[in-house]
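Written out below as C-alpha cells is the structure these notes cover.
The values are calculated or read from the model by the stated rules, or taken from the named source; none is laboratory data. Computed from a predicted model, the values in this text were never measured in an experiment. Note that we place each Cβ from the backbone using ideal geometry, even for glycine, and neighbour counts take in every protein chain shown.
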Amino acid sequence: MKESYRPEWPSKTDYAIGICGAGGIVNDAHLPAYRKAGFRVDCIYDVDRSRAEETAARFEIPRVCDSLESLAEAVDIVDVAVPAWENGRVVEVLTEAGVGLLLQKPLAEDWQTALSTVERIRSAGLTAAVNQQMRWEPGVRSCRHLLSQGVLGALYDVAFQIYVDTPWHLWGWLSQKETIEVLYHSIHYLDAIRYLTGCEPHSIYCSGSRRPGYAAKGETRTCTHLTFPDDLRATVLCNHHVEWGRSGQQSEFRIDATDGMAVRQLGLLLNYPSGEPDALRYITRADGQWREATFEETWFPDAFVGPMTSLMRAMNGEILKPETDVEDNLHTLRLVFAAYESMQTGNAIDLRHPSWQI
C-alpha cells in the first residue's frame with residue numbers, strides 16, 4: 001500500500017523541460033513538484049515577461065524566453081499551463097517543433113476544438129499528455145491498487161461528495177464563463193472515476209445551478225450521475241458555496257465494493273487554499289477491521305509528478321503512450337461535454353450513441 005500510489009519512475013528523466021505559462025498553478029504546483037522530483041527545468045515563457053522573470057528567479061530557472069518558438073527550440077518537453085482557450089494556438093506552434101507535450105486540463109472548452117487539437121497532435125506524431133494529475137492523488141492511486149488486488153471484491157459504486165467554500169474570486173475570469181464547475185473542477189472527478197472503474201460509462205445525467213443570487217454565468221453546483229454496465233454506478237455531487245465554516249464542509253470520495261470499501265478525505269479543498277490533512281480509511285471483509293493509510297505526498301503539488309513521469313516513460317519507449325495521453329483524454333472530455341448537453345436538455349445522455357463515439 002505504501003508504495004502503490006507512487007508513479008513508476010522513468011529510466012531516463014534528464015529531459016530539458018520548458019514551461020509555457022507563469023500563473024498560479026505553475027508556481028504552486030508544477031514547479032514545486034518538479035523541484036522535489038529533481039527534474040531539469042531549463043527555461044520558461046509567458047506573454048507577460050515580468051511574471052516569467054519572477055517565476056524564473058523563484059525557482060532558479062536559468063532562461064526566460066522571448067517567444068513560444070524560442071522556448072520550443074531549447075527543450076525536449078514543453079509543459080503548457082495556459083488558459084484552455086489558448087491551448088489550440090499553443091499546440092499549433094509546438095507541433096512544428098516536434099517536442100513532447102504536457103498540456104494543462106481542460107484540453108479545450110468545446111468538443112470540436114478538442115477533436116481538432118488531438119488530430120493535429122496525432123498527425124504530427126507527437127507524444128502528448130494532458131495534466132489530469134488527480135489520477136496520481138495518493139488516495140485515488142491507492143484505491144485503484146486495492147481494487148486491482150481484488151481485496152475489495154467487485155466495485156459497484158463510486159461517489160464524490162464535495163461541499164466546500166471555494167474562493168471563486170481567485171479566478172475572476174471564471175465568473176464570465178458559461179461552463180464553470182464541470183469543465184474546470186469536476187473534470188478531475190470524472191477522469192478519476194474512469195481510472196478507478198477501468199471502464200467507460202453508458203450514460204450521464206447532469207444538473208447544474210448556482211447559489212441563488214450568485215453573480216456567475218455558469219454552474220457552481222452540480223449533480224452528475226453515470227451508469228455503467230451491470231450494477232456499477234458513479235455520482236459526483238458538488239456545492240461550492242458552503243460558507244458556514246469548516247463544520248459544514250465535506251470533501252471526500254468513497255468506493256463501495258462487494259467485499260469492502262474505502263473513504264478518502266481530500267484535505268486540499270477544505271478551507272482552500274490553506275487546506276487540511278488528507279485521510280484514507282478502508283475495510284475488507286477478510287480483515288473485518290477499519291484501517292487507516294497515511295502518505296507523505298498530497299494531491300498538490302505531489303500528484304503533478306505523475307503525468308510528467310508517464311510522459312517521460314512514453315518518450316523512453318517504456319510504455320506505448322502516456323497514461324493520460326491526449327486521445328485517452330478525449331474520453332474524459334466526452335463526459336464533460338455530454339454533461340453540459342444533459343444540463344441543457346434535462347435528459348440523460350446515451351454515450352453509446354454514434355454522435356458521442358470517438
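Structure summary
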item	result
Residue list for segment 168-182, restricted to those being part of a helix (DSSP H, G or I) and either closer than 12 Å to residue 210 by Cβ or in contact with a Gly (Cβ under 8 Å, 6 or more places away or on another chain) (or both)	168, 170, 174, 175, 181, 182
Filter result for the condition that a residue is touching a Lys or Arg at 6+ places or on another chain (Cβ under 7 Å) and either within 20 Å of residue 312 (Cβ to Cβ) or surrounded by fewer than 23 Cβ atoms within 10 Å (Cβ to Cβ) (or both), over 149, 132	132
Odd one out for residue 161, checked against (1) at pLDDT 95 or above; (2) surrounded by fewer than 17 Cβ atoms within 10 Å (Cβ to Cβ); (3) farther than 20 Å from residue 132 by Cα; (4) not aromatic (Phe, Trp, Tyr)	(3)
Conditions (1) touching a Leu at 6+ places or on another chain (Cβ under 8 Å); (2) in a strand (DSSP E or B): number failed by residue 225	(1)
Single match in 126, 102, 107 (criterion: surrounded by 16 or more Cβ atoms within 10 Å (Cβ to Cβ), outside the structural domain of residue 239 (by TED's automatic domain parsing) and assigned to a strand (DSSP E or B))	102
Exclusive hit being surrounded by fewer than 20 Cβ atoms within 10 Å (Cβ to Cβ), more than 30 Å from residue 273 (Cα to Cα) and more than 18 Å from the chain's Cα centre (by Cα), set 313, 352	352
Residues that are of a type in the set (D, E, K, R) and either outside the structural domain of residue 98 (by TED's automatic domain parsing) or over 21 Å from residue 34 (Cβ atoms) (or both), drawn from segment 67-86	69, 86
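For every residue, the table says whether it meets (1) modelled with pLDDT of 95 or more; (2) among the aliphatic types (A, V, I, L, M).
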position: 181; (1), (2): yes, no
position: 187; (1), (2): yes, yes
position: 222; (1), (2): yes, no
position: 231; (1), (2): yes, no
position: 243; (1), (2): no, no
position: 247; (1), (2): no, no
position: 251; (1), (2): yes, no
position: 256; (1), (2): yes, no
position: 265; (1), (2): yes, no
